[in-house]
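The block underneath contains the structure these notes are about, expressed in structure tokens.
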Ligand SMILES: Cc1ncc(COP(=O)(O)O)c(C=O)c1O
């Protein structure tokens, strides 16, 4: 495996962690070192590791078979649960990763509208297919003016056509985004965005921004897609429920699989019906493991545990963590922004409020890396970009352990961070 890993996002210098086991909110590496897991497989493990109900559901299903070339009853149950909870979902289809979910949602939008371009937000993340690998983390010097960003490739190998077919919108700037959408309108199949930018720094959109995107896309018959692969963890119906703005299509992943590789996309019946094999033409969606009963059983068990009360308690803990983190940085005089939404949070080492990609890009990368590595050495795993996600097994004591570890790392690093600034 190049770099010794099979997933670029889990590699970090000097070498990645190799985790042997997890239970609740704790993980153990192959050396036996225990850590508090504040990342939970990039926000997917909302119930922590090896949750008894999920383990039982997987055990039971594994004994009955793990995959058939046929529909199965468990996928019907999970589909019904999702359609009942998420406002925009009349119908849903399963796949295996968020990458596939956004790829199919975009393709479906192109098929439905007969147009080819996709508009997306600068700094948002939608996975790793060609259309997704554009302007997720561009070099600001090459990305054009903040109110009119230009499409930049995120990866070597991203084809030119992906750039030509992508329109980039600034986040949280409703006037500029609307102007760009109006200019491109006749060619746009969809606008896709995370209503809360997750991996890109936990940045919530304003309700005004979402409202404006909703009204202009409706007027121009452009489909609005919310990528709620991460943000479904903030409320039972996701950020669309929280903000009262309903998109045409929604993509889901992470928590809906209970820790197994499950994702989904869905939305308006008249759009989703294009995928009905009884229609001609229809949009085909193969996938050996789509709706596989093992993932469906794990997802159903996990989502059933996530009641309104569980969400509320987790979000209360999230608000307290963000407050406590801000206090720690303030007490040391370290310039940092703590962005928190629900049980998600991210730390940005900058003195500017982080409201979009450009303000996020002003955060200090060296401090972020030293902070992250310091935490690894103090028994805590966050994302290397200093994003974290709480899980339900976390107690007050666990949270205090995290806050104490942050305090210890900042104490160790503060003087070198100050001399860097000089
Ligand atoms: C908002 C969003 N969309 C899509 C994806 C891609 O999901 P996956 O990693 O399952 O392909 C991610 C992954 O982090 C994500 O955060």
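The values are calculated or read from the model by the stated rules, or taken from the named source; none is laboratory data. Everything quoted here is computed from the prediction, not taken from an experiment. Neighbour counts run over all protein chains shown; Cβ positions are idealised from the backbone, glycine included.
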Original post:
In the range 370-385, is there at least one residue being outside the structural domain of residue 197 (by TED's automatic domain parsing), surrounded by fewer than 21 Cβ atoms within 10 Å (Cβ to Cβ) and in contact with a strand residue (DSSP E or B) (Cβ under 6 Å, 6 or more places away or on another chain)?
Top reply: yes
Subject >> Residue that is farthest from the ligand (Cβ to nearest atom), among those in the range 95-115 that are touching a helix residue (DSSP H, G or I) at 6+ places or on another chain (Cβ under 6 Å) and not in a helix (DSSP H, G or I) >> reply: 115
Original post:
Of the conditions (1) assigned to a helix (DSSP H, G or I); (2) on the phi > 0 side of the Ramachandran plot, residue 291 fails just one. Which one is it?
Top reply: (1)
Subject >> Which numbered condition residue 242 fails, given (1) over 27 Å from residue 358 (Cβ atoms); (2) more than 13 Å from the ligand (Cβ to nearest atom); (3) out of contact with any strand residue (DSSP E or B) (no Cβ under 7 Å at 6 or more places or on another chain) >> reply: (1)
**OP:** Check every one of the strands (runs of 3 or more DSSP E) wholly within the range 159-233 and list those with 2 or more residues that are buried (at least 24 other Cβ atoms within 10 Å of the Cβ), in contact with a helix residue (DSSP H, G or I) (Cβ under 9 Å, 6 or more places away or on another chain) and in contact (Cβ under 8 Å) with a residue 60 or more places away in the chain.
**Re:** 188-193, 223-227
**OP:** Report whether or not residue 30 is over 29 Å from residue 125 (Cα atoms) and surrounded by 19 or more Cβ atoms within 10 Å (Cβ to Cβ).
**Re:** no
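I need a count of the residues in the range 39-53 that are more than 16 Å from the ligand (Cβ to nearest atom) and buried (at least 16 other Cβ atoms within 10 Å of the Cβ).
Keep residues of the range 39-53 that are more than 16 Å from the ligand (Cβ to nearest atom), which gives 47-53.
Narrowing the set further to residues that are buried (at least 16 other Cβ atoms within 10 Å of the Cβ) leaves 47-49, 51.
So the answer is 4.
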Original post:
Which is more than 15 Å from the ligand (Cβ to nearest atom), closer than 17 Å to residue 93 by Cα and either at pLDDT 95 or above or touching a strand residue (DSSP E or B) at 6+ places or on another chain (Cβ under 8 Å) (or both), of 257, 295, 284?
Top reply: 284
Original post:
Is it the case that residue 283 is assigned by TED's automatic domain parsing to the domain that holds residue 124, in contact (Cβ under 8 Å) with a residue 12 or more places away in the chain and part of a loop (DSSP other than H, G, I, E, B)?
Top reply: yes
